[in-house]
Amino acid sequence: MKPVVVNSPKLLDKLRLRLRASHYSYRTEQAYVRWVEKFLRYHRGRNGGVWRHPAEMGKAEVEEYLTFLAVQQNVAPSTQNQAFSALLYFWGHVLERKLPEIQANRAQPKQRLPVVLSQEEVAKLLPEVRPGPYGLMCKLMYGTGMRLMECCRLRVKDIDFGRRQIVIRQGKGGKDRAVPLPQLAADELQQRVEVARRQLERDVDEGFAGVPLPKAFQRKNSVASVSLAWQWVFGSDQLSRDPQNPESPLVRYHLHENNVQKALLNAVRRCKFQKRVTCHTLRHSFATHLLENGYDIRTVQELLGHRDVSTTMIYTHVLKVEAGAVRSPLDVVG
């Protein structure tokens, strides 16, 4: 039978619409579309440059591609799992077919200890991050244990200066949690709220639409987009449109996470640390230092937003070695 030449963008557009109808995040949408496109291009290359409609493919082609990722591309287990999830969703919700049990070679998961900075290294690093929003964001990631995107998406309404806490909305797994507001960051946060207020006044005067809101809430209370409570604490200097709707009005999004990562990386280089330090390293350091200071692991679990305490237990392994709980036999005989 002659292979069907497929206009892949139509399939990908259908995938995008199904993901949006299922309320998947924009990042998940981007990742799933990218994996399906890579899958189609891989089999196009195996088929002499001719597109094959995915309806003509199935278990064997998916297994071949997942094995290719694990064996030839040597991807991480999480990367292969993401590709697998994308293909399962594509088959089930776009092609409306169920894939049989997949028996591909799977990338083997590896347990790695997190990179953790000492308290002295943190004290040296944070002043090296350039002043302004990026320096404050790094302080908050270390001082509260929040993730990078949780910090970028922080809104004015989620800071409670009276109770000295920050509420993190829609964290990993869609869960909310409260973390302590570091006293040493309170004044800078107040200044950022004032910056957001002045920026909002300028946006309103110039007729812009404020900030994006959660989709359902946007329909119920559109004026919230120009209220101070819903403004980003770390708003971008530039206006942009909704990437899912190019016809949308100009709004103000939060700072891009890549800029925060670059600012931290430059500070790490100036400190000349011989460690691979990322924004997530600050979160790892937060958890480890709390345990060092005597807080129980259940408290740390709640502050980090971990579903299972076994995830938090990884920091106890780091702590045992750093605290000298295990003494090397070389030190004994020496």
For this session: Tell me, yes or no, whether segment 197-206 has at least one residue that is part of a helix (DSSP H, G or I) and either closer than 19 Å to residue 299 by Cα or within 22 Å of the chain's Cα centre (by Cα) (or both).
Result: no
Exercise. Filtering segment 217-265 down to residues that are among the hydrophobic types (A, V, I, L, M, F, W, C) and part of a strand (DSSP E or B), which residue is nearest to residue 20 (Cα to Cα)?
Worked result: 251
Problem set entry | Residues of segment 168-191 satisfying the condition of being buried (at least 16 other Cβ atoms within 10 Å of the Cβ) and under 19 Å from residue 287 (Cβ atoms) | 168, 171, 177, 179, 181, 182, 185
Exercise. Which residue, of 273, 217, 286, 234, is under 26 Å from residue 26 (Cβ atoms), in the same structural domain as residue 151 (by TED's automatic domain parsing) and touching a residue at least 40 places away in the same chain (Cβ under 8 Å)?
Worked result: 234
For this session: Could you please give the count of residues in segment 71-129 that are under 25 Å from the mean Cα position of the chain (by Cα), crowded, with 19+ Cβ neighbours inside 10 Å, modelled with pLDDT of 90 or more and more than 28 Å from residue 141 (Cβ to Cβ)?
Result: 7
Exercise. Does residue 276 satisfy the condition of being exposed (fewer than 12 other Cβ atoms within 10 Å of the Cβ), out of contact with any Leu (no Cβ under 6 Å at 6 or more places or on another chain) and in a loop (DSSP other than H, G, I, E, B)?
Worked result: yes
Exercise. Any residue in segment 145-162 that is of a type in the set (Lys, Arg) and surrounded by fewer than 13 Cβ atoms within 10 Å (Cβ to Cβ)?
Worked result: no
For this session: Could you please let me know if residue 76 is more than 24 Å from residue 110 (Cβ to Cβ) and of a type in the set (A, V, I, L, M)?
Result: no
Exercise. Going by the conditions given, is residue 52 surrounded by 14 or more Cβ atoms within 10 Å (Cβ to Cβ), touching an Asp or Glu at 6+ places or on another chain (Cβ under 9 Å) and in the same structural domain as residue 20 (by TED's automatic domain parsing)?
Worked result: yes
Exercise. How many of the residues in segment 136-192 are in contact with a strand residue (DSSP E or B) (Cβ under 8 Å, 6 or more places away or on another chain) and outside any helix (DSSP H, G or I)?
Worked result: 20
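The values are calculated or read from the model by the stated rules, or taken from the named source; none is laboratory data. Keep in mind the model is a prediction, meaning the values are calculated, not measured. Cβ: placed from backbone, ideal geometry, glycine included. Neighbour counts: every protein chain shown.
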